[in-house]
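Student: Below is one structure. I have some questions about it.
Laboratory data are not the source of any read-out in this text; all were calculated from the coordinates shown. Everything quoted here is computed from the prediction, not taken from an experiment. Here the Cβ positions follow ideal geometry from the backbone for every residue, glycine too, while neighbour counts run over all protein chains shown.
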Protein chains: 2
Amino acid sequence: MPRLATPFLQTLCAFEQDSMQSVLIGGKWRKSLGEKTFQSINPATREVLPDLYPVSPWAEVEEALQVAASVAAEIRNWPGDRFATFLERYAELIEARAEDIIASANEETALPVEPRLKGGELPRTTNQLRQAAAAAREGSWALPTIDTQANIRSMLGPIGPVVVFGPNNFPFAFNGIAGGDFAAAVAAGNPVIAKGHTSHPRTTRLLAEAAHEAAIETGMPPGFVQLIYRTSHEDGARLVGHRFTGATGYTGSRQTGLVLKQAADAVGKPIYVELSSVNPVIILPGALKERGDAIVGEFAASCLMGTGQFCTNPGLVLLLASGEAEAFIASASEKFGAAPAGTLLGEGAEKSLRSGIAALVEAGATVLTGNQPVDESRCCHANTLLRVSGADFLKDPAGLQTEAFGNASLFVVAESVEELTAIIREFEGNLTGCFYSDTQGSDDALYDQLAPELRPHVGRLLNDKMPTGVAVSPAMNHGGPFPATGHPGFTAVGIPASLRRFGMLQCYDNVRPQRLPALLQDQNPGNAWRSIDCQWTQGDIG
Amino acid sequence: MPRLATPFLQTLCAFEQDSMQSVLIGGKWRKSLGEKTFQSINPATREVLPDLYPVSPWAEVEEALQVAASVAAEIRNWPGDRFATFLERYAELIEARAEDIIASANEETALPVEPRLKGGELPRTTNQLRQAAAAAREGSWALPTIDTQANIRSMLGPIGPVVVFGPNNFPFAFNGIAGGDFAAAVAAGNPVIAKGHTSHPRTTRLLAEAAHEAAIETGMPPGFVQLIYRTSHEDGARLVGHRFTGATGYTGSRQTGLVLKQAADAVGKPIYVELSSVNPVIILPGALKERGDAIVGEFAASCLMGTGQFCTNPGLVLLLASGEAEAFIASASEKFGAAPAGTLLGEGAEKSLRSGIAALVEAGATVLTGNQPVDESRCCHANTLLRVSGADFLKDPAGLQTEAFGNASLFVVAESVEELTAIIREFEGNLTGCFYSDTQGSDDALYDQLAPELRPHVGRLLNDKMPTGVAVSPAMNHGGPFPATGHPGFTAVGIPASLRRFGMLQCYDNVRPQRLPALLQDQNPGNAWRSIDCQWTQGDIG
């Protein structure tokens, strides 16, 4: 079946000027200066959706930056409560409009209304906004630190306008104008310029409408939240490196992320990128013997849930060769073959999955099941499992760590503990790494040997649990060494830590008492935890 | 007087093989594989010093990396106490050898023995080592964070081998093998590859000898501390971007720093660079009236101390045009003219200062005093003051923020508050920014208007105090927006915060209790502060 995109685009061009959606700049929805447009599709039908969205030219992006810089100056000393009030009202408005927002996301992403969008992602998103609000109001996130003897005081303060690029796979929870980076940037006291993902512009627009109204209702300056849908790669690079930009959050493809990272790094603008992760799962022999069947069920559920389109999808399973390992692989292949192939997020996701699998095959992996079209009327690809020997993995470790983002995973079967260790040492940085070990202790010695090898390659180390499902916990790390992210010291999920990415360290040396920010004055303005002379306390000084 | 460097190098070449100093690799002092050598000079006499130091080729650098990677794996789970013991013993050995170390630094840098080296920098350095030791032993630096309900626990763990490039201006306190970055990297549990600054190799060697012996005495693995003196720029870039490198600390020239930063950033390796800062001082009209004479004294002392070779040297003074401002400038010029020109750190520093001043002149500044050779027998340059109008500053703000590192400063005289504000808005990122205001309140309104403008451009905001003198305080920020550093969220001075640069965020999700690092187990292994369910406590769980 031919793709419908091209004819639709042609047909609609005549109406372009009338039906083009507005951008949100300077506190107003207004016609874009752009002349190019794009449309999203319904991945479940490949139907091109009617709305036309603008590609913003540089002049428009620059205007958003100028507005954001003025707003940043205006709100620099606002108490956290102001940002909290906005975030909470925004969460309420999202809930009030949940039905329309969910229907739109379902249409644009094919993610199911239940349980995913309605029961999972939307409540998670409003929960994140409310947790960020609570953190903003309380203030402990800023790590206020006071040396009473030297009268030196410091804390994280707002870093300036934050640009957020949201990914395709979480239309709410990582959305540029509603997700974790947005919530963290706002809670840290910064205006946001959101760049919506091109696969779900209508959903983003509906969220932005709620954000805009919440901003008006709670007295935020016009332009506190702004939205553009798309720019050229070149303008994206100018945006993240602009002198008015404070920092950038980016979740998406490795290729685009690296272009933006280079532009921001060149001028020392912090950019937090989340690029690629295969999330190795290592199943030790005792666990395979003890509960291989249960684990294969967990694995298939984790890898196929959401059609595998999670940053923490288990994309590589490392096993030590044995009969149980073969049985595990056979059982997994059977499950993958039997399960229906879910719909992917769009044609980009479909193309990316196929090319990821092709790269793995090119690097030496064999297809066990899947890797074929199953239903050309929608965006999808057969559930796919591949395998490669440990020896072959070690011949092309980079190629065999290509991320095949979606319902696919690679088994790596090592012949010995030595080979298994060598494989772990070749791992790139990942968001997560899991070990399954038996409950009777037969795997303990091997765990103790291998876990320290894996530890430096992963942000989050799990035991007896698949990596999908990223709790919004203060102790969460949704981060990891490159290429999982660009800096292994930060997390994109988990409050208050995720806020710290959008703060600059601001020190006050001998500054007169009445000129200090409230959080650094002798009297604690609320119940923030502060490190006073190296003791954490919620109390006052003196 | 002709420079002596060239003839000396030629004469000594014949003896090169015999007198070449060793590198410290893999726990042994050994002959370098390098064939090229360099020598340092005595900046007070321009005499070339006899020792020959090797330029390490890539094979040697790579070997150091391989050793460091093995060491990092070996020490990954060591308790902080092990690192503390090493750091404390190292501090003792430095003190035991202080006389020789100080004499060497004096010879290589011309910094005076008293008060600078003996009374100031050496005790500061051993103090830093001991503070870092205490932080390593206690563990709070790692921000242990526990969510008991979800059983998710995280902390900062060692990031892997740290490369430290020390600058020329602090032969002890920022030395690659003894200074703040070294102490922080070790306290965070990492091996260090130090790259000595080429202007004081003998001092660095003496410190490395003490570090090496302390490492042996305290049972650290061979190669825990390693030292090379020099590499090509190309090999430096390979080093910081190498897969075995965890992170890099660099303090030095902007040009070299940017080369290294680009190489590290391209592969997502954290690199903390400190590059350039003019440290604006803004003296408000009331303060000028009230105590202009006192402030001019403070300014001259701060700017000429250590021949102005401090990262926080006040290199730009911003004034509002008035009779008092003219008197201030005249008085400062007189003081600068009358004070003896100190000796600079070397021929590189001399050249750099002269070219910095030339760039300011080229950009439109006028020389008020100085800017001439005063004594060709030593490395020095006349104490120099320049001035430029606010209007001219705004014509070339980048050029007029060229760092003239040394005994030089630029007055910028604004005609109006509006112009003054516009100038502040053009400031690049700086380590520090100071305001002087009167004590009676006449400057308060202007302060309240201008301080928020300056705040986002500086890491440390001071009142009524010059920026030199960086206290090793837990609340210190020796950092700031680019180009002061590469990321405004981190500080290079101040413990425990400086340690966090060399940690990666390590999360444990559902990990079995006995497999957790001691700091994340239910029972607090010592008295570390931990955030348990968002409450900071030194207690246990349950």
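Student: Amide H to amide H, which residues 5 or more places from A:T231 or on other chains are under 5 Å from it, using H placed in the peptide plane?
Tutor: A:S56
Student: Right, something else. Shortest first and in nm with one decimal, please list how far the B:G539 label point sits from its counterparts in the other copies (point 7 Å along Cα→Cβ).
Tutor: Spacings between copies for this position, smallest first, are 1.6 nm.
Student: Amide H of B:I283: which non-local residues (sequence gap of 5 or more, or other chain) have their own amide H closer than 5 Å, using H built in the peptide plane?
Tutor: So B:I283 has HN proximity to B:L318, B:Y436.
Student: Then there's this: Measuring from a point 7 Å out along Cα→Cβ, what nm distances, shortest first, does B:P513 have to its partners in the other copies?
Tutor: The answer, with the shortest distance listed first, is 4.8 nm.
Student: Separation of region A:192-243 and region A:78-131 by C-alpha centroid, Å?
Tutor: 16
Student: List residues of region B:297-339, by number, whose backbone nitrogen lies under 14 Å from a label position 7 Å along Cα→C-beta of B:A391.
Tutor: B:321
Student: Scaled to the compact-protein estimate 2.2 N^0.38 Å, what is the alpha-carbon radius of gyration of region A:280-463, rounded to two decimal places?
Tutor: 0.97
Student: Determine, from the Cβ-Cβ distance of A:A330 and B:E362 and an R0 of 51 Å, the FRET efficiency 1/(1 + (r/R0)^6), rounded to the nearest 0.05.
Tutor: 0.10
Student: Further, regarding this structure: Using 7 Å Cα-to-Cβ label points, what is the B:E47/A:V374 separation (nm, one decimal)?
Tutor: The two pseudo-label positions are separated by 8.3 nm.
Student: Averaged across A:266-275, how many Cβ atoms of other chains sit within 10 Å of each residue's Cβ atom?
Tutor: Per residue, the average neighbour count from other chains is 4.
Student: Set the Förster distance to 35 Å, then compute FRET efficiency between A:T148 and B:A518 from the Cβ-Cβ distance, nearest 0.05.
Tutor: Plugging the Cβ-Cβ distance into 1/(1 + (r/R0)^6) gives 0.70.
Student: When you look at the Cβ of every residue in B:477-490, what mean number of other chain Cβ atoms sits within 10 Å?
Tutor: Mean shielding by partner chains, rounded to a whole number: 6.
Student: Report the FRET efficiency, 1/(1 + (r/R0)^6), for A:Q66 and B:Q538, where r is their Cβ-Cβ distance and R0 is 51 Å, rounded to 0.05.
Tutor: 0.60
Student: Please work out, to two decimal places, the log10 of the ratio I(q)/I(0) at q = 0.05, 0.06, 0.07 Å⁻¹ from a Debye calculation in which every Cα of the protein assembly as shown carries one identical scatterer.
Tutor: Here log10 of I(q) over I(0) equals -0.32, -0.47, -0.64.
Student: On alpha carbon coordinates alone, what is the Rg over Rh value for region B:413-542, Rh being the Kirkwood radius?
Tutor: Using Cα coordinates only, the ratio equals 1.16.
Student: How big is region A:62-194 along each principal axis, measuring the range of its Cα positions in Å and listing the largest first?
Tutor: The principal-axis extents, from largest down, are 59, 33, 22 Å.
Student: Rounded, prolate or oblate for region A:386-489? Axes are the square roots of the Cα gyration tensor eigenvalues, ordered a ≥ b ≥ c, and the cut-off for rounded is a/c under 1.5.
Tutor: Verdict is oblate for region A:386-489.
Student: Moving on. Arrange the peptides A:105-117, B:95-107 so that the one whose residues have, on average, the most other Cβ atoms within 10 Å appears first.
Tutor: Put in order of decreasing packing, that is A:105-117, B:95-107.
Student: Over chain B, what number does the Rg to Rh ratio reach, with both radii from the alpha-carbon atoms and Rh per Kirkwood?
Tutor: Here the Rg-to-Rh quotient is 0.99.
Student: Please give me the summed charge of the neighbours of B:Y90: other residues whose Cβ is under 14 Å from its Cβ, Lys and Arg +1, Asp and Glu -1.
Tutor: -2
Student: To one decimal in nm, how far is A:G297 from the same spot in the other copies, if labels go 7 Å from Cα toward Cβ? Please give the shortest first.
Tutor: Label-point separations across copies, in nm and ascending: 8.3.
Student: Principal axis lengths of region A:5-274 from Cα atoms, whole Å, largest first?
Tutor: 72, 40, 33
Student: With contacts defined as alpha carbon pairs under 8 Å and 6 or more residues apart, what's the relative contact order of region B:272-332 in percent?
Tutor: 51
Student: How much of the DSSP beta bridge set in chain A is antiparallel, as a percent to the nearest 5?
Tutor: 35
Student: Under 27 Å Cα-Cα from A:K395, which lysines qualify once same-chain neighbours fewer than 8 residues away are excluded?
Tutor: Counting by Cα, and skipping residues close in sequence, A:K395 has these lysines nearby: A:K351, B:K269.
Student: Between region B:289-304 and region A:449-515, what's the alpha-carbon centroid distance in Å?
Tutor: 44
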